[in-house]
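Taking it in order: structure first as structure tokens, then the write-up.
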Amino acid sequence: QVHLMESGGGMVQPGGSLRLSCVASGIVFKITEMGWYRQAPGNQRELVVRSSDGSGSGTVYSDSVRGRFAVSGDSADMTWYLQMNSLRPDDTAVYYCHIKTLRGAWWGQGTEVTVSS
């Protein structure tokens, strides 16, 4: 069974940084997409960044985070990171790891990020 587990969320002041992690297990088919999404209170879930497998190649960032966030990691280790810098109050959301393979797609449980003074 495939499992995704995010961690690293918490409360931080504006301008601060956090690094989120996503660790996967049980994946035996080729990863076709790895991404991070977020859902702010009362809002729809939105894309933060996605790539072919989370290695950084073919990476697409949302306009709101480009230049502040960066993804790293690789499918060989099945571990990915989202480095978040210069955090702003509108970054407050639950952040989710998402992976697609040739056989299916899975979400992590989410990790909450709160940016507030």
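The values are calculated or read from the model by the stated rules, or taken from the named source; none is laboratory data. Predicted model, so just to flag it, every value in this text is computed and none were measured. Ideal geometry is used to build each Cβ from the backbone, glycine not excepted, and the neighbour counts take in all protein chains shown. In case anyone asks, the SASA skips ligands and DNA or RNA and just uses the protein heavy atoms, side chains included. Shrake-Rupley method; radii C 1.70, N 1.55, O 1.52, S 1.80 Å.
Given their separation in residues at 0.36 nm each and the Cα-Cα distance between them, Asn85 and Thr114 gain 9.1 nm when the chain is fully extended. Using a 1.4 Å probe on the protein chains only, how many percent of the accessible area of the chain belongs to carbon and sulfur? Carbon plus sulfur share of accessible area: 48 percent. The spread of Cα positions in the chain, taken along each principal axis and listed from longest to shortest, comes to 43, 25, 23 Å. Between the residues Ala105, Val48, Gly35, the greatest Cα displacement towards the positive end of the dipole of the chain, with unit charges on the Cβ of Lys, Arg, Asp and Glu, is found for Ala105. Counting only Cβ charges, +1 for Lys and Arg and -1 for Asp and Glu, the dipole size of the chain around its Cα centre is about 140 debye. With protein chains left intact and a 1.4 Å probe, residues in the chain average 52 Å² of accessible area per residue. Per residue, the average separation of C-alpha pairs within less than 8 Å and at least 6 apart gives the chain a relative contact order of 36 percent. Here the Gaussian network model covers the chain, with springs between Cα atoms less than 10 Å apart; of Leu102, Leu18, Leu47, Leu102 fluctuates the most.
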